[in-house]
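> Can you keep this structure in mind? I'll have questions shortly.
The values are calculated or read from the model by the stated rules, or taken from the named source; none is laboratory data. Quick caveat, the model's predicted, so the values are computed rather than measured. Cβ placement follows ideal geometry from the backbone for every residue including glycine, while neighbour counts extend to all protein chains displayed. Side chains are part of the model used for accessible areas, which takes the heavy atoms of the whole protein and leaves out ligands, DNA and RNA. Shrake-Rupley method; radii C 1.70, N 1.55, O 1.52, S 1.80 Å.
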Amino acid sequence: MEKREVDAVVVGSGPNGLAAAIAMQEAGLSVLLVESKENIGGGMRTQELTLPGFRHDVCSAIHPLAAKSPYFQTLPLHEHGLEYIYPAVAAAHPLDKGTAAALAHSLPETAQRLGTDEKAYLSLMEPLVGDWPDIATDVLGPLQFPNDPFKMAKFGLKAMTAATFLADRLFTTPEARGLWAGMAAHSLQPLSKMTTSAIGLVLMAQAHLHGWPLPKGGSQSIANALASYFI
């Protein structure tokens, strides 16, 4: 086996591995990035899983946090082929009666579709959407003393709750409860667990501020752009 002298070895080329490799290399370190799969990307891989010519995202497909990641925004990924497509509606939760609750870019439009829960949704999301530009770096970045402790505390008090607790306090309609459950379910935890509200709040704020984009060509495009910049 060939021996190499490097400052750091990163195992795995998912988003975190690629970001870590780039950050260390930008700091002047020599970095070896290794991946066991045939393609780089981890959960950002796009492959022909069914028929030739039909490409599918192996894991993640929609990337609201990648598009507006405080760190990714410091990288010229658009110069390395990354392009995002923004749909008019970020997400929807279908209901048994044939209706659906839609998460639109417009906060008032989304709230209006929730019937009697319109005011409750606005009371939940309007303050967070207003505060998000001041707390996004702290919420999505490494643990540190927040830039705006008071706004961060406002977010934290809601984010620390269980999604079921917050829903029982605020929402009564199937539309609002279903939409909220769908967002909080991205935590991949039982919704009765503490902190499951956090991911729902973040994803909804991202939808109202920036939308939920998909990378043109599939998730692999993000990995390819990061790898190209790393190289």
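> Quick check on segment 64-103: of everything there that is in contact with a Ser or Thr (Cβ under 7 Å, 6 or more places away or on another chain) and part of a loop (DSSP other than H, G, I, E, B), which residue is surrounded by the most Cβ atoms within 10 Å (Cβ to Cβ)?
Here the residue is 82.
A quick yes/no check of all residues on (1) acidic (Asp, Glu); (2) more than 16 Å from residue 91 (Cβ to Cβ); (3) open to solvent by 50 Å² or more (accessible area, probe 1.4 Å):
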| position | (1), (2), (3) |
| --- | --- |
| 164 | no, yes, yes |
| 167 | no, yes, no |
| 173 | no, yes, no |
| 177 | no, no, yes |
| 180 | no, no, no |
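> All but one of (1) touching a Leu at 6+ places or on another chain (Cβ under 6 Å); (2) over 14 Å from residue 205 (Cβ atoms) hold for residue 121; which doesn't?
The one condition residue 121 does not meet is (2).
> Another question, then. Report yes if some residue within segment 34-45 is within 19 Å of residue 206 (Cβ to Cβ) and surrounded by fewer than 19 Cβ atoms within 10 Å (Cβ to Cβ); otherwise report no. Reasoning before the result, please.
Just the residues of segment 34-45 that are within 19 Å of residue 206 (Cβ to Cβ), to begin with: 43-44.
Next, only the ones that are surrounded by fewer than 19 Cβ atoms within 10 Å (Cβ to Cβ) stay: 43.
Scanning segment 34-45, I find at least one residue that is within 19 Å of residue 206 (Cβ to Cβ) and surrounded by fewer than 19 Cβ atoms within 10 Å (Cβ to Cβ), so the answer is yes.
> Oh, and also: Find the residue count for segment 187-201, including only residues that are of a type in the set (Gly, Ala, Ser) and part of a loop (DSSP other than H, G, I, E, B).
Going through segment 187-201, the residues of a type in the set (Gly, Ala, Ser) turn out to be 187, 192, 197-198, 200.
Subsequent filtering for residues that are part of a loop (DSSP other than H, G, I, E, B) retains 192.
Counting residues in segment 187-201 that are of a type in the set (Gly, Ala, Ser) and part of a loop (DSSP other than H, G, I, E, B) gives 1.
> Sticking with this structure for a sec: Name every residue in segment 136-162 that is assigned to a loop (DSSP other than H, G, I, E, B) and either open to solvent by less than 50 Å² (accessible area, probe 1.4 Å) or in contact with a Leu (Cβ under 9 Å, 6 or more places away or on another chain) (or both), in order of residue number. Before the answer, list the steps.
Going through segment 136-162, the residues assigned to a loop (DSSP other than H, G, I, E, B) turn out to be 141-148, 160-162.
The answer is 141, 146, 148, 161, 162.
> Any chance segment 115-135 includes a residue that's modelled with pLDDT under 95, part of a loop (DSSP other than H, G, I, E, B) and either open to solvent by 70 Å² or more (accessible area, probe 1.4 Å) or within 20 Å of residue 214 (Cβ to Cβ) (or both)?
no
> Residues in segment 39-63 that are at negative phi, of a type in the set (Gly, Ala, Ser) and part of a loop (DSSP other than H, G, I, E, B): how many?
The initial filter retains those residues of segment 39-63 that are at negative phi, namely 39-40, 43-52, 54-63.
Filter once more, keeping what is of a type in the set (Gly, Ala, Ser): 43, 60-61.
Imposing the further condition that a residue be part of a loop (DSSP other than H, G, I, E, B) reduces the set to 60-61.
Residues in segment 39-63 being at negative phi, of a type in the set (Gly, Ala, Ser) and part of a loop (DSSP other than H, G, I, E, B): 2 in total.
> For segment 101-160, give me each residue that is of a type in the set (D, E, K, R) and touching a helix residue (DSSP H, G or I) at 6+ places or on another chain (Cβ under 9 Å).
In the first step, residues of segment 101-160 are kept if they are of a type in the set (D, E, K, R); the result is 109, 113, 117-119, 126, 131, 134, 138, 148, 151, 154, 158.
113, 117, 118, 119, 126, 131, 134, 138, 148, 151, 154, 158, listed by residue number.
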